Amino acid sequence: VLPFPSTPGLLPVWPHNPSSPGSAGPLRRELLPRQLLLPGRRAGFITIGYRGSYTLGRDSQTDAKFRRVARIMVCGKTSLAKEVFGDTLNESRDPDRPPERYTSRYYLKFTFLEQAFDKLADAGFHMVACNSTGTCAFAHEQTDDRIWTSYTEYVFYRE
């Protein structure tokens, strides 16, 4: 196999076999736009975000008590979000959004991040960035337990 440079948005293809009847020349690789090879799959970004919290004791040596993820938010182009998540996408907070517009008001009907990641991977997306912030507060005056809250985002891209 000959090395072939990676070009964003383009896929290498072998256009024909030189030994086949009607071949018009030597075997060579060409670059074609991904949209021609994968019709109906548009490029774009989708961001998944969630709020989390956990309690950590005074000595920080005990296991943290994590709370479940209450809601997974979706941000991106409406048409891409609908394509990836289908009927598991809750559009009730922005029901009349045109397909070509962006929104940050959708959320998923399930609460498992792995399920969201699987759907994105199956649709050809890959993670390109992530970000998390956190704050700490004391849980109660009577205890030294601290409650940590965080907001985490994962950014996915498909060429």
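Below, the figures for the structure above:
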{"item": "Yes/no for residue 64 being open to solvent by less than 60 Å² (accessible area, probe 1.4 Å) and modelled with pLDDT of 90 or more", "result": "no"}
{"item": "Residues of the range 116-130 satisfying the condition of being small (Gly, Ala, Ser) and either open to solvent by 40 Å² or more (accessible area, probe 1.4 Å) or modelled with pLDDT under 95 (or both)", "result": "121, 129"}
{"item": "Residue list for the range 86-104, filter: in contact (Cβ under 8 Å) with a residue 24 or more places away in the chain and charged (D, E, K, R)", "result": "101"}
{"item": "Residues (outside any strand (DSSP E or B) and open to solvent by less than 100 Å² (accessible area, probe 1.4 Å)) located in the range 99-115", "result": "99, 110, 111, 113, 115"}
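The values are calculated or read from the model by the stated rules, or taken from the named source; none is laboratory data. Model, not experiment: these values are computed from the prediction. All Cβ positions, glycine included, derive from the backbone under ideal geometry; neighbour counts span all protein chains shown. Note: accessible area is taken over every heavy atom of the protein model, side chains too, but ligands, DNA and RNA are not part of it. Shrake-Rupley method; radii C 1.70, N 1.55, O 1.52, S 1.80 Å.
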